[in-house]
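The values are calculated or read from the model by the stated rules, or taken from the named source; none is laboratory data. The structure presented is a predicted model; accordingly, all values stated were derived computationally and were not measured. Note that we place each Cβ from the backbone using ideal geometry, even for glycine, and neighbour counts take in every protein chain shown. For accessibility, only protein heavy atoms count, side chains too; no ligands or nucleic acids. Shrake-Rupley method; radii C 1.70, N 1.55, O 1.52, S 1.80 Å.
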Amino acid sequence: MITAQQLLAIMPNAAPARVANFIGPLNDTMNEFAITTPARQAAFLAQLAHESGSLRYVQEIASGSAYDNRADLGNTKPEAIALAELAGTTPGKHYKGRGLIQITGYTNYLACSRALCRDDSLVSNPAALERPDLACRSAGWYWRINDLNKLADEGKFEAITKKI
């Protein structure tokens, strides 16, 4: 478990209010996904600091339109297109990066939703990944499915960055 003061020392550019919003969900996430050793926590928090601009962003800054025709992200599937159209947008914009590690694309939203919510709710409401609890848990989920604890244990921090 880390404290708000420790998180501010790790992410000195983080706003104290953001740290206050995220410290509980971050600790819960690290426990849930066995990110519990100093090496694992250091690697995880370093990646989150980078990906989120020290907790500043839980939604990708770019529009997401570059992902519109990405079949590898599932954004060309009829269901992805239909859900995006219902929301008045395109699949790339609808499923752009969200959460502290920026889950991107219909296929990833669907897998993340089924793992964390036990349903498909995140594909129809992708903005839910911007909530502190799901922003953190989605990062933990991504960490686990990519076996990043193992890489952290082995001190392979560059490999972690490449996976993310």
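Here are a few things to note about the model shown:
- The distance from the alpha carbon centre of segment 112-164 to that of segment 17-48 is 12 Å, rounded to a whole number.
- For segment 93-164, GluC sites (Glu not before Pro) meeting the loop criterion (DSSP other than H, G, I, E, B) and having at most 11 other Cβ atoms within 10 Å: Glu154.
- Solvent exposure of Ser124, expressed as accessible area, is near 80 Å², computed with a probe of 1.4 Å over the protein chains only.
- Accessible carbon and sulfur surface of the chain relative to its total accessible area, %, 1.4 Å: 53
- Percent of Cα pairs in segment 36-164 per distance bin of 5 Å, from zero to the largest separation: 2, 12, 21, 22, 19, 13, 6, 3, 1, 0.
- Ranking Tyr106, His94, Ala4 by Cα position along the charge dipole of segment 1-107, where only Lys, Arg, Asp and Glu carry charges on their C-beta atoms, puts Ala4 farthest toward the positive end.
- Built amide H within the under 5 Å cut-off of Ile103, gap 5+: Arg98
- Along each principal axis, Cα extent of segment 88-144, largest first, Å: 30, 20, 17
- The label-point distance for Lys156 and Glu79, in a model that sets each label 7 Å from Cα toward Cβ, rounds to 3.2 nm.
- Qualifying GluC sites (Glu not before Pro) for segment 49-109 [loop in DSSP, other Cβ within 10 Å: at most 14]: none
- Which of Arg137, Arg131 is most accessible, then next, and so on - probe 1.4 Å: Arg131, Arg137
- Cross-link partners of Lys93 among lysines (Cα-Cα below 27 Å; sequence separation of 8 or more within a chain): Lys77, Lys162, Lys163
- Residues of segment 17-150: accessible area per residue with a 1.4 Å probe, Å²: 43
- Nonlocal amide H pairs with Asp68, under 5 Å, H built at 1.01 Å: Gly92
- Compactness of segment 1-51 as Cα Rg over 2.2 N^0.38 Å, two decimals: 1.03
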